[in-house]
Amino acid sequence: PNEPDSDGDGLLDNAARIINGKEVAPEDPDPFICNGPVGVWQKQIEIEEKNNIASTYLNLPYIPDFNPLVSKNTADILVNFALNNRNLLLENEDLVHTLTQTAKSIYEGGTLSGAYLLNFKADNKQVAYHSQVNTWQRQFGFNDMYDDIFRICSNMLKEKFIFSVDGTEYVLWTWKGDYWNMQSGGEVGLYEYNREITTTKQYDAVDFELPMTLNLYNYYNSKDITSIFNWAPTEKQWWITGFNPNFTEPNPYDMVLLGSVNFTGHEDLYNSLKNSMSKDIRKNYMIFDDTNRTVWLTW
């Protein structure tokens, strides 16, 4: 090819994008096929070049710590009870939807109180709120009933990518959409299978952290792309999130989530996820960088 980026998707044909000594985009695995929505990678690189990526938490002295209030044992009891009664939620979806939408209208605008309760912190650019590594939500893990609640009570999209290592099932789970008083947001979390309660699988958060990045855009066309937040924390994560209350009326179908997970030190997980996605119809959502053992997600 005579061009460094033959398909014009923002990824170079023969090299990763390096800015300020950091890889911000992988080498293009398909130089003649666009990876991700056209314009998103260019937008991401433009923001990286301007050094507009938040990387640390904004430390404020008055944020309460709810972590000691929730032990793993307490969380397991509550999760087991909820899953044993999951059918009640599914049988009363319309009622639950009505009640939660009423509650949403009452608490609309209560971003600060919501962030405190959820143990979220603003970033150093003061653009968005983000989950912390050591947080009470870690005790609760994740399961499909939580996604039921997202579906019934809000306007969300989710994807779960399942893979296994040595007989243990893992899930890379991702979400984007309307987070109530936190407004527009996105998440990526890594979980491993723990137990099954009345046919619902319960997954625990993994007991390690990895370098992760997360960026969320409102995407209307290749020329009309707006950054909701950009987050590349220096602190390793197991669950990376971002929520920007300034983007109201969130529509997940207009959003593009772009993120990365570096599996260095956990190459067995990287290899299994790569093998699993090679047979998955959603394989175009991911780019696998074998050199750095990094998965890039565009969804």
Study note, to complete from the structure: Residue hits (the range 255-273; open to solvent by 50 Å² or more (accessible area, probe 1.4 Å) and either in a helix (DSSP H, G or I) or at pLDDT below 95 (or both)) are GLU267, ASP268, ASN271
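Give the number of residues within the range 17-33 that are open to solvent by 60 Å² or more (accessible area, probe 1.4 Å) and either of a type outside the set (S, T, N, Q) or at pLDDT 95 or above (or both).
Qualifying residue count for the region: 9.
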Point to revise | Where THR248 falls short, out of the listed (1) closer than 25 Å to VAL133 by Cα; (2) assigned to a loop (DSSP other than H, G, I, E, B) | key: (1)
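Within the range 107-159, count every residue that is small (Gly, Ala, Ser) and either open to solvent by 50 Å² or more (accessible area, probe 1.4 Å) or free of Cβ contacts under 8 Å to residues at least 60 places away in the same chain (or both).
Our first condition is that a residue be small (Gly, Ala, Ser); within the range 107-159, this holds for 109-110, 113-115, 122, 128, 131, 141, 154.
Still in the list and also either open to solvent by 50 Å² or more (accessible area, probe 1.4 Å) or free of Cβ contacts under 8 Å to residues at least 60 places away in the same chain (or both): 109, 113, 154.
Counting residues in the range 107-159 that are small (Gly, Ala, Ser) and either open to solvent by 50 Å² or more (accessible area, probe 1.4 Å) or free of Cβ contacts under 8 Å to residues at least 60 places away in the same chain (or both) gives 3.
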Point to revise | Residue in the range 136-175 that is farthest from ASN275 (Cα to Cα), counting only those that are within 16 Å of the chain's Cα centre (by Cα) and assigned to a loop (DSSP other than H, G, I, E, B) | key: ASN155
Exercise for review: May I ask you to list pairs of residues, at least six apart or on different chains, whose Cβ atoms are under 7 Å apart, with the first in the range 198-216 being free of Cβ contacts under 8 Å to residues at least 40 places away in the same chain and the second being open to solvent by less than 30 Å² (accessible area, probe 1.4 Å) and outside any strand (DSSP E or B)?
Suggested key: VAL206/TRP238
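Test SER276 against the stated conditions and say whether it is surrounded by fewer than 20 Cβ atoms within 10 Å (Cβ to Cβ) and assigned to a strand (DSSP E or B). Quick ask: steps written out before the conclusion?
Working: surrounded by fewer than 20 Cβ atoms within 10 Å (Cβ to Cβ): yes; assigned to a strand (DSSP E or B): no.
Against the criterion (surrounded by fewer than 20 Cβ atoms within 10 Å (Cβ to Cβ) and assigned to a strand (DSSP E or B)), SER276 does not qualify.
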Exercise for review: Those residues that are open to solvent by 80 Å² or more (accessible area, probe 1.4 Å) and of a type in the set (D, E, K, R), I need them from the range 84-93; list them, please.
Suggested key: GLU91
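Restricting attention to the range 35-65, which residues are under 20 Å from TRP299 (Cα atoms) and either open to solvent by less than 60 Å² (accessible area, probe 1.4 Å) or in contact with a Phe, Trp or Tyr (Cβ under 9 Å, 6 or more places away or on another chain) (or both)?
As a first pass, look at the range 35-65 and keep what is under 20 Å from TRP299 (Cα atoms): 35-48, 53.
Answer for the range 35-65, where residues must be under 20 Å from TRP299 (Cα atoms) and either open to solvent by less than 60 Å² (accessible area, probe 1.4 Å) or in contact with a Phe, Trp or Tyr (Cβ under 9 Å, 6 or more places away or on another chain) (or both): ASN35, GLY36, PRO37, GLY39, VAL40, TRP41, LYS43, GLN44, ILE45, ILE47, GLU48, ILE53.
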Review point. Take the residues of the range 1-16 that are open to solvent by less than 50 Å² (accessible area, probe 1.4 Å) and not acidic (Asp, Glu): which is farthest from GLU235 (Cα to Cα)?
Key: SER6
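Quick one: would you say VAL96 is open to solvent by less than 60 Å² (accessible area, probe 1.4 Å) and modelled with pLDDT of 95 or more? Before the answer, list the steps.
On the way: open to solvent by less than 60 Å² (accessible area, probe 1.4 Å): yes; modelled with pLDDT of 95 or more: no.
Considered against the rule, which asks whether it is open to solvent by less than 60 Å² (accessible area, probe 1.4 Å) and modelled with pLDDT of 95 or more, VAL96 comes out as no.
Need a quick list: helices (runs of 4 or more DSSP H) entirely within the range 1-101 having at least 3 residues that are of a type in the set (Asp, Glu) and at negative phi.
Details: elements: 40-49, 72-84, 86-91.
Where helices (runs of 4 or more DSSP H) fall fully within the range 1-101 and carry at least 3 residues being of a type in the set (Asp, Glu) and at negative phi, they are 40-49.
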Study note, to complete from the structure: Considering residues that are under 26 Å from TRP180 (Cβ atoms), surrounded by fewer than 20 Cβ atoms within 10 Å (Cβ to Cβ) and not hydroxyl-bearing (Ser, Thr, Tyr), the number found within the range 202-223 is 2
Check your understanding: Mind checking whether some residue in the range 122-138 is charged (D, E, K, R), in contact with a Phe, Trp or Tyr (Cβ under 9 Å, 6 or more places away or on another chain) and modelled with pLDDT under 95?
Key -> no
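The values are calculated or read from the model by the stated rules, or taken from the named source; none is laboratory data. Quick caveat, the model's predicted, so the values are computed rather than measured. Note that each Cβ is placed from the backbone with ideal geometry, even for glycine, and that neighbours are counted across all protein chains shown. With ligands, DNA and RNA removed, areas are computed over all heavy atoms of the protein, side chains included. Shrake-Rupley method; radii C 1.70, N 1.55, O 1.52, S 1.80 Å.
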